[in-house]
1. Using beta carbons and a limit of 6 Å, which pairs, at least six apart or on different chains, have the first residue in region 116-145 and farther than 19 Å from D100 by Cβ and among the polar types (S, T, N, Q) and the second one modelled with pLDDT of 85 or more and surrounded by fewer than 21 Cβ atoms within 10 Å (Cβ to Cβ)?
2. If a residue must be assigned to a helix (DSSP H, G or I) and at pLDDT below 90, how many such residues does region 168-213 contain?
3. Determine which member of the set P253, P245 is modelled with pLDDT of 95 or more and either at positive phi or loosely packed, with under 12 Cβ neighbours inside 10 Å (or both).
4. Using beta carbons and a limit of 8 Å, which pairs, at least six apart or on different chains, have the first residue in region 56-71 and touching a residue at least 40 places away in the same chain (Cβ under 8 Å) and at positive phi and the second one in a helix (DSSP H, G or I) and of a type outside the set (D, E)?
5. Where in region 1-120 are the helices (runs of 4 or more DSSP H), entirely inside, with at least 2 residues that are surrounded by 18 or more Cβ atoms within 10 Å (Cβ to Cβ) and among the small types (G, A, S)?
6. Which of the residues spanning region 135-171 are acidic (D, E) and touching a helix residue (DSSP H, G or I) at 6+ places or on another chain (Cβ under 8 Å)?
Amino acid sequence: MQMNAEYTSLVAVGDSFTEGMSDLLPDGSYRGWADLLAARMAARTPGFRYANLAVRGKLIQQIVDEQVDVAAAMNADVVTLVGGLNDTLRPKCDMVRVRDLLTEAVEKLAPSCRQLVLMRSPGRNGPVMERFRPRMEELYACVDDLAARHGAVVVDLYGVPVLGDQRMWDVDRLHPTAEGHRRIAEAVWQALGHEAEEDWRTPLEAALPAGWLSRRVADARFARQHLVPWIGRRLTGRSSGDGRPPKRPELLPWTQD
């Protein structure tokens with residue numbers, strides 16, 4: 001793809017991955033790859049506008065119901081859509097319905113923008129993720145098919161070794177660190193045809209393996225702080241995003257908060 005300096009607006013649609021967790025800022029808010037991408041696009045395009053409709057915990061049905069029509073009505077130059085992964089991590093998941101809803105989202109968004117961006121999201125290495133890998137790969141096969149049919153760009157992060165490195169993931173084991181988000185922003189930047197500033201696939205420097213005790217301490221902290229609350233929300237039908245508005249609900253000129 002040739003370099004394109006003419007994109008004047010960006011709308012991001014999705015869940016916590018696109019909201020920016022766990023790229024935490026000093027004020028307690030989250031930045032994330034979409035904000036980083038918007039900042040870079042704004043730096044080369046005066047008056048660049050940006051909206052981020054993503055909300056943590058959203059399933060693909062909620063993304064379609066709450067975000068897709070809003071995003072389509074904005075008629076932005078670029079729309080990013082990342083969704084469905086939360087569904088694949090649920091104990092019960094109807095993949096036929098997930099594919100149908102993702103198809104509905106793409107069919108609404110693709111005609112509304114100059115460039116739709118889809119993603120094969122990264123996955124942290126580990127035994128828990130292996131359980132859900134077949135569903136993830138079914139989801140990504142659907143992403144590839146939809147992109148081919150609707151002229152979308154696919155940012156392929158899935159299976160890239162550096163993004164599977166445990167050091168690229170926060171203690172919740174679900175969300176990338178600030179460095180992970182930075183590399184994802186670079187990957188999307190390049191997928192949009194802009195000149196590469198770095199090879200985002202470059203591995204991290206080798207580190208000494210963690211000892212048995214430190215691994216057990218990390219496992220216990222993860223279970224107490226993240227796994228138990230996550231299970232509790234599943235059992236009660238709650239979501240971490242219930243009642244939470246998008247952080248950038250309107251397509252407005254980019255400003256760094």
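The values are calculated or read from the model by the stated rules, or taken from the named source; none is laboratory data. Computed from a prediction, not measured in an experiment: that's the story for all the values here. Glycine gets a Cβ as well: all are built from the backbone with ideal geometry, and neighbour counts include every protein chain shown.
1. Close Cβ pairs satisfying both conditions: N125/G164.
2. Taking region 168-213 first, the residues assigned to a helix (DSSP H, G or I) are 168, 178-191, 212-213.
The next check asks that each one be at pLDDT below 90; those that pass are 212-213.
Residues in region 168-213 being assigned to a helix (DSSP H, G or I) and at pLDDT below 90: 2 in total.
3. On the way: P245 fails: modelled with pLDDT of 95 or more.
The unique qualifying residue is P253.
4. Correct list of pairs: G57/S16; G57/N86; G57/R233.
5. 33-44, 69-74
6. Initial filter on region 135-171 (acidic (D, E)): 137-138, 144-145, 156, 165, 170.
If the condition is that a residue be acidic (D, E) and touching a helix residue (DSSP H, G or I) at 6+ places or on another chain (Cβ under 8 Å), then E138 is the only one that fits.
For (1) at pLDDT 95 or above; (2) over 20 Å from M21 (Cα atoms); (3) in the same structural domain as Q166 (by TED's automatic domain parsing), each residue gets a yes or a no:
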| residue | (1), (2), (3) |
| --- | --- |
| D77 | yes, yes, yes |
| G83 | yes, no, yes |
| L89 | no, no, yes |
| L118 | yes, no, yes |
| S121 | no, no, yes |
| R124 | no, no, yes |
| C142 | yes, yes, yes |
